[in-house]
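K.L.:
One structure, as structure tokens, below. Some questions next.
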Amino acid sequence: MKLFDTHCHINDAAFDADRSEVIARMHECGVENAVVIGDASLDGSDVISLINAHAFLYGAYGLHPHDAEKRTDATIKRIASVLGGEKMIALGEIGLDYHYDFSPRDKQKEVFREQLQLAYELGMPAVLHIREAHGDAYEIMNEFKARGCLPRGIMHCYGGSLESANEYIRMGYYISFSGSLTFKNTPVLTRVAQNIPLDRILIETDCPYMSPVPLRGKRNEPANVKYVCEKLADIRGMDAEEVSRITFENATNAFGL
């Protein structure tokens, strides 16, 4: 299979002991490209060093909603600067997270709006993290769409309803499935995977999190994106190689590669 892991955190400390082996396994399992997500509460050097060292890796960088309260003028300037670098291809992950509420919701919305605007100005896709906040996300995104300045983008690690997915697709967004698609007793997510257009589907690991079946409880890594692809193929009644080809092509379109 030819696979594209559209969202991974191999820059995370969880990989410090064996990062080179993890990267080698990506090649062995057919992962031909991956996007490494940087945290804008840090300086971005972790992502930059990785993508500069490996031709098949690309980078994204943004302030996570968990850290919205840490936003300063210097943070926004740093995001714009880092995203001007070679092989940086998306702004994210950004959005709203009302599950943990690590930052006040008003601050999350303010910083989400600011980074959506920046993505639009930079001509980059936005990688969105929306958790238990779809209503406010629609409202903000529709504001941008009405003004003609909603950036293109990706709903990362999607966990919402089919109705929500169709709303995001209407706005031009892609829906990315992670290991959660392989979990038992996820009829809502299965329904989404069954019914949305194939040309709007992406796959990811979100590693080191969201390990798929049969690896629940273990550290996740990009090589495991194959399990998401195989589950998606099973749900759609398709050949896994065909699904890998389609999702790879979708990823190149989503990121403008």
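The values are calculated or read from the model by the stated rules, or taken from the named source; none is laboratory data. In this text the structure is predicted, and so the values were computed from the model without any measurement. We place every Cβ from the backbone using ideal geometry, glycine too, and count neighbours over all the protein chains shown.
K.L.:
Return the residues of the stretch 1-34 that are in a helix (DSSP H, G or I) and of a type in the set (S, T, N, Q); say none if nothing qualifies.
P.N.:
So the first thing to find is which residues in the stretch 1-34 are in a helix (DSSP H, G or I), and the list is 13-15, 19-28.
Answer for the stretch 1-34, where residues must be in a helix (DSSP H, G or I) and of a type in the set (S, T, N, Q): just SER20.
K.L.:
Moving on. From the list GLU241, GLU249, exactly one residue is surrounded by fewer than 23 Cβ atoms within 10 Å (Cβ to Cβ) and in contact (Cβ under 8 Å) with a residue 12 or more places away in the chain. Which is it? I'd like the intermediate steps shown before the answer.
P.N.:
Details: GLU249 fails: in contact (Cβ under 8 Å) with a residue 12 or more places away in the chain.
Only one candidate passes the filter, namely GLU241.
K.L.:
Can you pull out every residue in the stretch 213-239 that is over 20 Å from VAL36 (Cβ atoms), hydrophobic (A, V, I, L, M, F, W, C) and in contact with a Leu (Cβ under 7 Å, 6 or more places away or on another chain)?
P.N.:
Passing the criteria: only LEU232.
K.L.:
If I ask for residues that are buried (at least 22 other Cβ atoms within 10 Å of the Cβ) and either of a type in the set (Ser, Thr, Tyr) or under 16 Å from ASN220 (Cα atoms) (or both), which ones from the stretch 24-49 would you list? Let's see the steps before the verdict.
P.N.:
Of all residues in the stretch 24-49, those buried (at least 22 other Cβ atoms within 10 Å of the Cβ) come to 26, 31, 34-38, 40, 47.
Correct list: MET26, VAL31, ALA34, VAL35, VAL36, ILE37.
K.L.:
Select, from ARG152, ARG71, ARG78, ARG147, the only residue that is of a type outside the set (A, V, I, L, M, F, W, C), surrounded by fewer than 16 Cβ atoms within 10 Å (Cβ to Cβ) and modelled with pLDDT of 95 or more.
P.N.:
On the way: ARG152 fails: surrounded by fewer than 16 Cβ atoms within 10 Å (Cβ to Cβ); ARG71 fails: surrounded by fewer than 16 Cβ atoms within 10 Å (Cβ to Cβ); ARG78 fails: surrounded by fewer than 16 Cβ atoms within 10 Å (Cβ to Cβ).
Going through ARG152, ARG71, ARG78, ARG147 in turn, just one is of a type outside the set (A, V, I, L, M, F, W, C), surrounded by fewer than 16 Cβ atoms within 10 Å (Cβ to Cβ) and modelled with pLDDT of 95 or more: ARG147.
K.L.:
Quick check: is even one residue across the stretch 50-61 surrounded by 13 or more Cβ atoms within 10 Å (Cβ to Cβ), at positive phi, at pLDDT 95 or above and within 20 Å of the chain's Cα centre (by Cα)? Break it down stepwise before answering.
P.N.:
To start, the set of residues in the stretch 50-61 that are surrounded by 13 or more Cβ atoms within 10 Å (Cβ to Cβ) comprises 50-52, 54, 56-61.
Subsequent filtering for residues that are at positive phi retains none.
Looking for residues that are surrounded by 13 or more Cβ atoms within 10 Å (Cβ to Cβ), at positive phi, at pLDDT 95 or above and within 20 Å of the chain's Cα centre (by Cα), one finds none in the stretch 50-61, hence no.
K.L.:
Another question about this same structure. Could you list all residues from the stretch 52-68 that are of a type in the set (A, V, I, L, M) and either under 22 Å from HIS129 (Cα atoms) or in contact (Cβ under 8 Å) with a residue 60 or more places away in the chain (or both)? Don't jump to the end; show me each part of the working.
P.N.:
Here is the first cut: in the stretch 52-68, the ones of a type in the set (A, V, I, L, M) are 53, 55, 57, 60, 63, 68.
Selection gives LEU57, ALA60, LEU63, ALA68.
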